[in-house]
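The values are calculated or read from the model by the stated rules, or taken from the named source; none is laboratory data. Just so it is clear, the structure is predicted and the values come from calculations on it, not from any experiment. When we count neighbours, we look across all protein chains shown, and the Cβ atoms used for this are built from the backbone with ideal geometry, even at glycine. Side chains included, ligands, DNA and RNA excluded: accessible areas come from the protein's heavy atoms. Shrake-Rupley method; radii C 1.70, N 1.55, O 1.52, S 1.80 Å.
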Amino acid sequence: MKSDINVSELEKESLPVHVAMIMDGNGRWAKKRLMNRVKGHEQGSRTVREIVSACRELGIGFLTLYAFSTENWGRPKAEVKALMILLKRFLVSERDELNNKGIRLNILGQKEKLPADVREEAERTMDLTRNHTEMVLNLALSYGSREEITRAAQRLAHKVRSGELRPEEITDETLSAHLYTGGMPDPDLIIRTSGEFRLSNFMMWQAAYAELFITRTLWPDFSKEEFHKILIDFQQRDRRFGKVKCNTSNDGSPL
Ligand code: IPE
Ligand code: IPE
Ligand code: MG
């Protein structure tokens, strides 16, 4: 599909390093068309392909996609099953594409809770792409921030008990390092589709200074073109990180 926006409008040096997306609205997309929710998920996986390729083209280093939350296990059995089938299909069909484009696949979340066949396909794709450095694609699967943080706390507690770590060594950095995203930069930009103004248990620790962008577009209708527009908006934001940035001298007094 041809982009209606000139990618050169984007300043390459101020692109986000890590973009995270809450892919929401598949069910409503299907409902509007009097279709089964699963059709919405199917259509949504096409958007995933388009957005992964857009990030790769732009040279964005990390893309995290929230695909299935710890709470999503509570959906009707048939929907969960259909989502797992789609996920497995994606892990197989995109394997060569990810490999050819130098993209490393990574899973954030409770891998052990995934059905064995899905886990095996995920591991196969992760193994094949493990040495790639062009881009990291994180799929957040059976992911929840609260589970991630409590798991990190437990891992740290074990290290303290075994004498590997002193309690004072539990810092912002060590806690970050024990999250599923350990070793990765925090997201600079979090996009949520379908108009909901909430995080739904997504990256609550890592989102501390992320720029948030909510679009009313439903995930299956989200496109490369809209993504480019959001990136232009991102580039115009003033990220202060709690500090005073413009027109001040070294001692902080206004010039
Ligand atoms: C997002 O779409 C996909 C998942 C959460 C798995 P939804 O299925 O939540 O779609 P809506 O919010 O019901 O429209
Ligand atoms: C968030 O969407 C989870 C994913 C996108 C995977 P939900 O549809 O599950 O979130 P709520 O229920 O609207 O908060
Ligand atoms: Mg939803």
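Laid out as a table, the results:
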| quantity | calculated |
| --- | --- |
| Listed residues R89, R104, R56, most fluctuating in the chain (Gaussian network, C-alpha, under 10 Å) | R89 |
| Convex hull projection area averaged over all views, segment 35-173, Cα basis, nm² | 10.1 |
| Alpha-carbon centroid distance for the pair segment 210-249 / segment 101-152, whole angstrom | 26 |
| Accessible area per residue in Å² at 1.4 Å probe, computed on segment 125-255 | 56 |
| Fraction of antiparallel bridges per DSSP, the chain only, in percent to nearest 5 | 5 |
| Heavy-atom accessible area per residue - segment 31-109, 1.4 Å, Å² | 50 |
| Principal axis dimensions, segment 1-91 - Cα atoms, whole angstrom, descending | 45, 28, 20 |
| Volume per residue that the Cα convex hull of the chain spans, once the total is divided by residue count, Å³ | 162 |
| Max mean-square fluctuation residue, GNM over the chain, Cα-Cα springs under 10 Å, options S53, S162, S93 | S162 |
| Spacing of the two label points (7 Å from each Cα toward its C-beta) at S200 and V7, in nm | 2.9 |
| Carbon/sulfur fraction of accessible area - the chain, other protein chains in place, 1.4 Å, % | 50 |
| Distance from segment 16-33 to segment 162-178 (C-alpha centre basis), Å | 35 |
